[in-house]
């Protein structure tokens with residue numbers, strides 16, 4: 001793989017990592033705010049509030065990882081929540097790089113008559 005392809009892959013990984021960092025930071029703040037709201041006047045979370053707080057935190061985490069139906073992806077393999085969306089977008093971007101590289105190689109390697117025959121058979125998409 002050419003160095004430029006590796007750089008594109010690396011940039012995509014860095015981008016996905018930044019998105020993950022932002023997702024987890026926002027989740028930490030959201031859970032922290034829930035803990036803050038649950039504390040009593042003494043600054044401590046009453047033991048009676050723990051089950052409700054744990055349920056809230058669990059719902060916050062699930063919302064980032066799973067869609068409303070409890071699945072990360074739908075029947076068409078489309079992401080239903082932020083975490084799987086970051087993963088899917090990163091994977092698609094990396095697949096696109098590999099496909100572009102393959103097209104470049106095929107453009108250079110295929111004989112002209114075969115390339116023209118294949119182009120004539122292409123199905124135009126809307």
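The values are calculated or read from the model by the stated rules, or taken from the named source; none is laboratory data. Since this is a predicted model, take the numbers as computed values, not measurements. When we count neighbours, we look across all protein chains shown, and the Cβ atoms used for this are built from the backbone with ideal geometry, even at glycine.
Inspect the range 31-51 for any residue being in contact with a helix residue (DSSP H, G or I) (Cβ under 8 Å, 6 or more places away or on another chain), at negative phi and in contact (Cβ under 8 Å) with a residue 24 or more places away in the chain and give the result as yes or no.
Scanning the range 31-51 turns up at least one residue that is in contact with a helix residue (DSSP H, G or I) (Cβ under 8 Å, 6 or more places away or on another chain), at negative phi and in contact (Cβ under 8 Å) with a residue 24 or more places away in the chain.
Do the conditions hold for residue 29, that is, is it assigned to a helix (DSSP H, G or I) and modelled with pLDDT under 95?
The answer is no for residue 29.
One line per residue, one yes/no per condition, for (1) in contact (Cβ under 8 Å) with a residue 24 or more places away in the chain; (2) assigned to a helix (DSSP H, G or I); (3) more than 16 Å from residue 13 (Cα to Cα):
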| position | (1), (2), (3) |
| --- | --- |
| 76 | no, no, yes |
| 83 | yes, yes, no |
| 93 | yes, yes, no |
| 115 | no, yes, yes |
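Has the range 99-107 got at least one residue that is outside any helix (DSSP H, G or I) and either modelled with pLDDT under 85 or within 21 Å of the chain's Cα centre (by Cα) (or both)?
Looking through the range 99-107, none of the residues is outside any helix (DSSP H, G or I) and either modelled with pLDDT under 85 or within 21 Å of the chain's Cα centre (by Cα) (or both).
Can you confirm whether residue 107 is without any contact (Cβ under 8 Å) to a residue 24 or more places away in the chain, exposed (fewer than 11 other Cβ atoms within 10 Å of the Cβ) and in contact with a helix residue (DSSP H, G or I) (Cβ under 8 Å, 6 or more places away or on another chain)?
For residue 107, the condition - without any contact (Cβ under 8 Å) to a residue 24 or more places away in the chain, exposed (fewer than 11 other Cβ atoms within 10 Å of the Cβ) and in contact with a helix residue (DSSP H, G or I) (Cβ under 8 Å, 6 or more places away or on another chain) - is met.
Only one of (1) crowded, with 16+ Cβ neighbours inside 10 Å; (2) touching a helix residue (DSSP H, G or I) at 6+ places or on another chain (Cβ under 8 Å) fails for residue 65. Which number is that?
Condition not satisfied by residue 65: (1).
A quick yes/no check of all residues on (1) at pLDDT 85 or above; (2) more than 17 Å from residue 20 (Cβ to Cβ); (3) part of a helix (DSSP H, G or I):
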{"site": "53", "(1), (2), (3)": "yes, yes, yes"}
{"site": "64", "(1), (2), (3)": "yes, no, yes"}
{"site": "71", "(1), (2), (3)": "yes, yes, no"}
{"site": "87", "(1), (2), (3)": "yes, no, yes"}
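Out of all the residues in the range 2-10, is one or more modelled with pLDDT of 90 or more, surrounded by 15 or more Cβ atoms within 10 Å (Cβ to Cβ), in a helix (DSSP H, G or I) and on the phi < 0 side of the Ramachandran plot?
There is no residue in the range 2-10 that is modelled with pLDDT of 90 or more, surrounded by 15 or more Cβ atoms within 10 Å (Cβ to Cβ), in a helix (DSSP H, G or I) and on the phi < 0 side of the Ramachandran plot.
Quick one: is residue 59 in a helix (DSSP H, G or I), over 22 Å from residue 15 (Cα atoms) and either in contact (Cβ under 8 Å) with a residue 24 or more places away in the chain or more than 18 Å from the chain's Cα centre (by Cα) (or both)?
yes
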